[in-house]
1. Do you know the relative contact order of the chain, to the nearest whole percent, from alpha carbon pairs under 8 angstrom that are 6+ apart?
2. Starting from the Cα gyration tensor of the range 17-93, take the square roots of the eigenvalues, sort them a ≥ b ≥ c, and report rounded, prolate or oblate (rounded when a/c is under 1.5, otherwise prolate if a/b is larger than b/c, else oblate).
3. Within the range 131-196, list the trypsin sites (Lys or Arg not before Pro) lying in a DSSP loop whose Cβ has at most 10 other Cβ atoms in a 10 Å radius.
4. Using each residue's phi in the range 77-87, evaluate 6.51 cos²θ - 1.76 cosθ + 1.60 at θ = phi - 60° and report the 3J(HN,Hα) Karplus result to the nearest Hz, with x for Gly and Pro.
5. Carbon-plus-sulfur fraction of the accessible area of the chain, 1.4 Å probe, in percent?
6. If R0 is 35 Å, what FRET efficiency do you get for ALA186 and GLU104 from their C-beta distance, rounded to 0.05?
7. Would you please give the residues with an amide H less than 5 Å from that of ASP46, counting only those at least 5 places away or on a separate chain, with H modeled from the backbone geometry?
8. Just tell me the longest site-free run in the chain, where the sites are chymotrypsin sites (Phe, Trp or Tyr not before Pro) in a DSSP loop having at most 14 other beta-carbon atoms within 10 Å.
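The values are calculated or read from the model by the stated rules, or taken from the named source; none is laboratory data. Quick caveat, the model's predicted, so the values are computed rather than measured. Positions of Cβ are generated from backbone atoms using ideal geometry, with glycine treated the same way; all protein chains shown enter the neighbour counts. These accessible areas exclude ligands, DNA and RNA; they are computed on the full protein's heavy atoms, side chains included. Shrake-Rupley method; radii C 1.70, N 1.55, O 1.52, S 1.80 Å.
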Amino acid sequence: MSVSAAALRPDLAVIARNVAPGSSLLDIGCGDGTLMAALRDEKQCDTRGMEIDPANVGACVARGLSVIQGDADKDLVFYPDKSVDYAILSQTLQTTMRPDLALEELLRIGRKAFVSFPNFAHWRVRLSLLWRGRMPVTRLLPVLWYETPNIHHLTIDDFRALVKERGITVEGSWFLSGDKRCSQAAANYFAEHAVFLLSRDS
């Protein structure tokens, strides 16, 4: 089943627009393969994926995608250095045991890396904690605290500090509220989720 890039989730649409045509990529935590299918069909990319959920792996295979079942916390070590143009981790960083190590693996495997994640410093999240005193449930964070796969509650400013500390270059950043872009100014307050394009000198 072909998927238009225009129909993608907002953060995936940002990634799709900024991936070079004909490039190779590894999508880690690729879900049902929606992004991979769009990039294969519209930009003729050489796509590979890793996904922990067997049902999603099956959905990817049904789309004719090359996907293996694997765990981002354990299995990235088996990929060779600089084996793809882009390593992609969308809405998955906050679910890994060690996001800092996952980030290092992305930049080892890919010449560049796309990372997207929900911003836990968005004003609605802050307001919910302030007034209700409970972990928030929002449109983008719809699962109760005891069911959520999100084990690290990072913010845009947290992520900026991490990449600076690790000497990682930010080649691009996009901040979104729903499907609309936010400005760089006060993104940590107004953006619901963020997308970063990263690289590191060899």
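1. 19
2. Numbers: a/c = 1.75, a/b = 1.14, b/c = 1.53.
Cα axes put the range 17-93 in the oblate bin.
3. ARG134, ARG139
4. 4, 7, 8, x, 4, 6, 7, 9, 6, 10, 9
5. Heavy-atom surface of the chain belonging to carbon and sulfur, 1.4 Å probe: 55 percent.
6. Working: r = 29 Å, r/R0 = 0.83.
The computed FRET efficiency comes out at 0.75.
7. Under 5 Å from the amide H of ASP46 lie the amide H atoms of SER23, SER24, LEU25, each far enough along the sequence or on another chain.
8. Longest run free of exposed loop sites: 1-144.
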